[in-house]
Amino acid sequence: MAAVKKGKVVIFGAGGPVGAAAIQSLKDHYTLKVTDLKPMTEIAGAPSPQGPRAPVPELLSAPHENRVVDITNYEQVLDACKGMQAAINLTVVRPHPVLAFTVSMVGAYNLARAAAECGLKRLIHTGPYHTSLGHEADYWNDFQVAPEVPLHPGDDLYALTKYLGLKITDCFARESGLEVLTYLFCSFRPRHLTPEDLGRGLHPFSTSWEDTGESFLCGLRAPRMPSPHEVFFICADLPHGKYRADKAARLLKWKARDRFEELYRKQG
Amino acid sequence: MKVVVTGSDQPLGALVCRGLAPAHQTTPAGAGVDLRSPEQVAALLQGAQAIVHTLPFAPPSGGAAGELLDLVARSTYVLVQGACQAGVPRLVLISRLSLLEAYPAAYLVGPDWEPRPRPEEPALAPYMAELVCREIARLGRIEVICLRLGELDAPEGTSGADALRAVETALVHQREERHHHWSIHHVATAGRFAANKEGS
């Protein structure tokens with residue numbers, strides 16, 4: 001499939017801070033269908049549940065559209081995908097024993113199926129990269145970890161259900177002709193640093209909200225991928241040497257602007 | 001050995017219950033037990049020494065889009081987690097050889113080939129069960145032996161006798177120290193996968 005340089009893009013689970021960042025980066029380039037389980041008017045008017053420094057989605061007006069969509073409802077997902085050129089899946093439910101499965105796994109199935117049925121050019125799927133899950137196979141003690149590494153979610157509900165969703169999406173990419181880019185995230189932080197932040201260290205898999213938003217623009221515009229499903233670490237290129245950011249730079253032409261040197265440089 | 005058998009209201013589960021009964025104390029778990037309920041699973045597993053999880057092989061059909069995936073994946077997760085908490089050392093998962101049917105029939109496809117299920121719920125459901133079991137087994141708290149079967153008693157499938165024999169073998173298999181807690185075995189009586197029949 002070709003790059004999506006213009007046209008209509010639907011975002012699922014747009015009410016969170018990643019959605020807020022994506023909206024900012026995409027709104028001037030695409031006509032967006034912004035969807036979430038809650039009305040966007042409600043989300044945009046409230047502080048972020050992830051704290052005062054996490055971005056809140058801007059409420060867009062026409063030609064953009066805001067719509068309530070339940071990702072667990074196939075008919076709603078299918079309807080939202082109609083007429084779109086691309087879709088972005090930001091949905092997630094972390095700790096709930098039922099919704100973790102229905103949103104992260106069944107939701108991924110619904111969207112991949114609808115995207116294939118509607119002939120979308122590209123699907124950007126997203127999920128977590130858990131750097132430390134407390135078992136010996138979580139790669140925490142490794143370095144130069146690449147995005148193609150098989151995930152080992154263990155019994156962690158959040159990690160496992162998102163993993164199942166990713167594997168389902170992979171099946172659609174392989175068998176149905178849908179082109180999928182999966183973005184794996186870990187630690188987000190604001191671009192703007194406060195004096196209290198300086199010299200406090202930095203998680204080795206970190207990205208600013210602002211750079212995260214830009215990654216979606218790059219992902220939609222990137223040329224055809226080498227395979228139907230490519231997985232990317234969306235992280236800054238950091239000196240820790242743990243998580244490799246070069247694949248996103250190579251295939252998406254995305255490179256994080258924010259490397260937060262002030263956080264890992266000794267102060268004074 | 002006290003063995004819990006899920007999917008006992010389906011032909012394979014019923015066969016396993018009947019076949020194991022002479023040598024084992026079986027506890028059938030059919031439609032009357034909600035395997036997605038941690039409370040019901042905890043009660044089911046009291047005193048159990050092994051589980052034969054046949055539900056992913058033949059789950060009940062019907063329901064809304066996604067219901068089958070949720071049933072199989074979530075019930076497998078709750079069951080395996082419950083088994084770990086109850087100290088049940090072994091689970092025998094019954095999955096499907098059809099996960100590999102995308103490969104050319106001329107290939108000798110074995111358990112070390114990557115599953116390639118069709119992107120459809122009935123094909124994906126046993127794959128989800130495998131992934132849940134594999135990833136939890138990796139933690140070392142339970143051993144999971146996955147038996148992939150063809151259609152039960154179909155001309156190119158797995159006979160009931162072979163299926164039962166494989167389950168019985170899996171229940172008493174002694175895992176060697178330093179071996180993995182997750183293993184896969186293909187059980188085919190006839191058809192394209194029969195060349196890799198267990199034991200051959």
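The values are calculated or read from the model by the stated rules, or taken from the named source; none is laboratory data. Keep in mind that what you see is a predicted model, and the values were worked out from it rather than measured. A quick note on method: Cβ atoms are made from the backbone with ideal geometry, for glycine too, and the neighbour counts reach across all protein chains shown. With ligands, DNA and RNA removed, areas are computed over all heavy atoms of the protein, side chains included. Shrake-Rupley method; radii C 1.70, N 1.55, O 1.52, S 1.80 Å.
Listing for the model above:
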read-out: Qualifying residue in the range A:167-182 (condition: open to solvent by 10 Å² or more (accessible area, probe 1.4 Å), of a type in the set (S, T, N, Q) and within 14 Å of another protein chain (Cβ to nearest Cβ)); value: yes
read-out: Looking only at the range B:113-142, and only at residues there that are more than 25 Å from residue B:82 (Cα to Cα) and free of Cβ contacts under 8 Å to residues at least 24 places away in the same chain, the one that is farthest from the other protein chains (Cβ to nearest Cβ); value: B:113
read-out: Conditions (1) touching a His at 6+ places or on another chain (Cβ under 8 Å); (2) touching a residue at least 60 places away in the same chain (Cβ under 8 Å); (3) not basic (Lys, Arg): number failed by residue B:184; value: (1)
read-out: Long-range neighbours under 7 Å by Cβ, at least six apart or interchain, first residue within 14 Å of chain A (Cβ to nearest Cβ) within the range B:9-38, second open to solvent by less than 40 Å² (accessible area, probe 1.4 Å) and of a type in the set (Lys, Arg); value: B:36/B:74
read-out: Near pairs, Cβ below 9 angstrom, 6+ apart or cross-chain, from the range B:165-176 (farther than 13 Å from residue B:94 by Cβ and modelled with pLDDT under 90) to any residue that is outside any helix (DSSP H, G or I) and open to solvent by 10 Å² or more (accessible area, probe 1.4 Å); value: B:173/B:90; B:173/B:143; B:173/B:183; B:175/B:90; B:175/B:143; B:175/B:181; B:175/B:183
read-out: Given (1) closer than 21 Å to residue B:175 by Cα; (2) open to solvent by less than 10 Å² (accessible area, probe 1.4 Å), index of the condition residue B:45 fails; value: (1)
read-out: Among the residues listed as B:134, B:141, B:116, B:175, the single one being among the basic types (Lys, Arg), within 30 Å of residue A:136 (Cα to Cα) and touching an Asp or Glu at 6+ places or on another chain (Cβ under 6 Å); value: B:175
read-out: The range A:231-254 residues that are of a type in the set (Val, Ile, Thr), paired with ones that are open to solvent by 10 Å² or more (accessible area, probe 1.4 Å) and part of a strand (DSSP E or B) (beta carbon under 6 Å, 6 or more apart); value: A:234/A:185
read-out: In the range B:122-152, residue least open to solvent (accessible area, probe 1.4 Å) [restricted to those that are over 17 Å from the mean Cα position of the chain (by Cα) and of a type outside the set (Gly, Ala, Ser)]; value: B:139
read-out: Residue within the range B:71-86 that is more than 9 Å from chain A (Cβ to nearest Cβ), farther than 24 Å from residue A:96 by Cα, open to solvent by 10 Å² or more (accessible area, probe 1.4 Å) and not aliphatic (A, V, I, L, M) present; value: no
read-out: Residue tally, condition over 22 Å from residue A:22 (Cβ atoms) and away from every other protein chain (no Cβ under 11 Å), over the range A:63-84; value: 0
read-out: Residue A:194 being under 30 Å from residue A:96 (Cα atoms) and either more than 13 Å from the chain's Cα centre (by Cα) or open to solvent by less than 20 Å² (accessible area, probe 1.4 Å) (or both); value: no
read-out: Residue B:118 surrounded by fewer than 23 Cβ atoms within 10 Å (Cβ to Cβ), modelled with pLDDT of 95 or more, more than 27 Å from residue B:61 (Cα to Cα) and touching a Cys at 6+ places or on another chain (Cβ under 8 Å); value: no
read-out: Options B:71, B:35: the member that is modelled with pLDDT of 95 or more and under 27 Å from residue B:172 (Cβ atoms); value: B:35
read-out: Unique residue being within 11 Å of chain B (Cβ to nearest Cβ) and surrounded by 14 or more Cβ atoms within 10 Å (Cβ to Cβ) when the list is A:112, A:87; value: A:112
read-out: One residue from A:204, A:147, A:97, A:153 being in contact (Cβ under 8 Å) with a residue 12 or more places away in the chain, buried (at least 24 other Cβ atoms within 10 Å of the Cβ) and not in a helix (DSSP H, G or I); value: A:153
read-out: Extreme residue, surrounded by the most Cβ atoms within 10 Å (Cβ to Cβ), among residues of the range A:51-73 that are more than 18 Å from residue A:9 (Cα to Cα) and without any contact (Cβ under 8 Å) to a residue 60 or more places away in the chain; value: A:72
